[in-house]
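Okay, so here's the structure we're looking at.
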Amino acid sequence: MKAAYIQQTGPPDVILYGDLPDPKAKRTECLIKVTDVDVNPIDVYIRSGLIPAKLSFPSILGRDLAGTVLQVGAAVKRFKPGDRVWASNQGADERSGTFSELATVDERWLNMIPQTVSETDIVALSLVGITAHLGLVRKAKLKGGETLFVNGGTGGVGSSVVQMAKILGARVITTAGSDDKVKICRELGADLALNYKTQDVDASIKEFAPKGINVWWESLREPSFERAIPLLAPRGRMIVMAGREARPAFPVGPFYVKDCSLHGLAMFNATPSEQRDAAEDINQWLVEGTLKARIDRTLSLSQAAEAHRLQEESTVGKNGSLAGKIVLKP
Ligand SMILES: NC(=O)c1ccc[n+]([C@@H]2O[C@H](COP(=O)([O-])OP(=O)(O)OC[C@H]3O[C@@H](n4cnc5c(N)ncnc54)[C@H](OP(=O)(O)O)[C@@H]3O)[C@@H](O)[C@H]2O)c1
C-alpha cells in the first residue's frame, strides 16, 4: 500500500510517500480502505520532534481516518465488511498511524458514518470534534444560557467549540485574525466575533457579558491567566489544552474567591467508550445539519509533506494561512 511516513523526526521534508507492507487485521481489528485523513497540530509536533514520542520506524503519520471496512478479525462484533467507519486517536500507544491506503483499527475506536454524512466531513470533525465535546460536556459541563469564550473560531478546535456550544444553548464569543475569518465565525453561529488584531477584545467581552464568562476555552499555546481570570464569572470554568511548554503566572486570589475551576484536557486520555459517546453526538449533529465541517482545503495523500508545512506555518508560525482542517485523500 502507499503511505505517508517518516524514518526520522525533522522538518516536513522528512515525510516520505511510498510503498509499505499491507497491514493485517488482528482478532479485534478491522482492515479499512482509507478514503480520507486529516492533519492535526499534534502530527506536526511529533513529526518535527517538538514533542518527544516513542516512535518505531517506519512510522506512519496521522491520527484520524474515514473509510470502508474490507475485512474483520475473528472477534469483531460491531462491524462487517462494507461498513463506512471513522476513527480518531490512532498513531499512539502501539496503534498505527492513518496516513495510508489501508489501516487496521481496533473496533473499540471505530464509529459508523451515518448514511447522509461524507467521509471528508466526518474526518475533518474527528479529533477536533471529540476534543470540543469532551471539554464542553464532560469537563466544563456547559449549560444552556451560559456564555462561552474561545479564541480562534475558525481553527480546528475553535470552529468545533463555537458550533457545539451553540448546539448546547450557550452564548458564544470568539475571535479571529482577519475580517474574513470573523465573518466565518458569525456563519458558524458565534453571537459575538471579534478581530483580535484590530479590536479591543477584552472591552468587548465585558460589554457583551457584564456578569462574566462562564466557560473560558483557552486554545492558545501561550495562555494568559492574568487576562482570563478577571473576565471569568463566579463559578466560571476554564479549559486549558495547549502549550506543553507554557508556564504562565497564575493569579490565585482572584481565581478562588470567585469559586472558579480549571480543567486540563488531552483528548488522547479519553477511553474508547468516552470517545464513542462524543462520536455519537457528532454523528447526530452532522445528520441534523447543526454541526458542519470547517475544511480549509483537500489535498492528495502524496502531498502530506506540503500539508504538514502549511499546518506548521499556520499553527506554530501563526501566519493565519489556514481557516480549518486540511483533509488528505489516499
Ligand atoms: N489537548 C487536546 O486534546 C488538543 C486537541 C486538539 C488540539 N490541541 C491543541 O490546541 C491548539 C489549537 O489546535 P487547532 O487544531 O485548533 O489549531 P489551528 O487550527 O491551527 O487553530 C489555531 C487557532 O488559534 C488562533 N490564534 C492564533 N493566535 C491567536 C491569538 N493571538 N489570539 C487569538 N487567536 C489566535 C488562530 O486564529 P487565526 O487563524 O484567525 O489567526 C487559529 O484559529 C493546538 O496547540 C493543538 O495542538 C489540543
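A few remarks follow.
- For the stretch 258-330, the number of Lys pairs separated by eight or more positions or lying on different chains, with C-alpha atoms closer than 27 Å, is 4.
- Relative to one another, the C-alpha centroids of the stretch 129-157 and the stretch 1-45 are positioned 29 Å apart.
- log₁₀ of I(q)/I(0) at q = 0.17, 0.24, 0.27 Å⁻¹ - the stretch 112-183, Debye sum with one point per alpha carbon: -0.66, -1.07, -1.18
- Across the stretch 182-246, the volume of the C-alpha convex hull divided among the residues equals 105 Å³ per residue.
- Only Lys, Arg (+1) and Asp, Glu (-1) charged, at Cβ; the stretch 184-280 dipole about Cα centre in debye: 200
- Given in Å, the Rg to one decimal and the Dmax to the nearest whole number for the Cα atoms of the chain are 19.8, 60.
- With all protein chains kept in place, the per residue accessible area of the stretch 133-193 amounts to 34 square angstrom at a probe of 1.4 angstrom.
- Rg/Rg_ref, the stretch 16-139, where Rg_ref = 2.2 N^0.38 Å and atoms are Cα: 1.04
- The chain - mean residue ellipticity at 222 nm from DSSP helices (-39,500 (n - 2.57) per run, n ≥ 4, rounded to 500): -8000 deg cm²/dmol
- Under 18 Å from Lys80, Cα to Cα: lysines that are on another chain or at least 8 residues apart: Lys24, Lys26, Lys33
- Furthest towards positive pole of dipole, Pro41, Ala193, Met1, structure part the chain, Cβ charges: Ala193
- Estimated translational D of the stretch 256-330 in µm²/s (Stokes, Kirkwood radius over Cα pairs; 25 °C; 0.890 mPa s): 157
- The charge dipole of the stretch 5-86, taken about its Cα centre with unit charges on the Cβ of Lys, Arg, Asp and Glu (plus for the first two, minus for the last two), comes to roughly 540 debye.
- Considering all different alpha carbon pairs of the stretch 31-89, the Kirkwood hydrodynamic radius works out to 13.2 Å.
- For the stretch 81-217, the tally of Lys pairs with Cα-Cα distances below 24 Å comes to 17, considering only residues 8 or more apart or on different chains.
The values are calculated or read from the model by the stated rules, or taken from the named source; none is laboratory data. Please read all numbers here as calculations on a predicted model, not as lab measurements. Cβ: placed from backbone, ideal geometry, glycine included. Neighbour counts: every protein chain shown. These area figures cover heavy atoms from the full protein model, side chains too; ligands, DNA and RNA do not enter into them. Shrake-Rupley method; radii C 1.70, N 1.55, O 1.52, S 1.80 Å.
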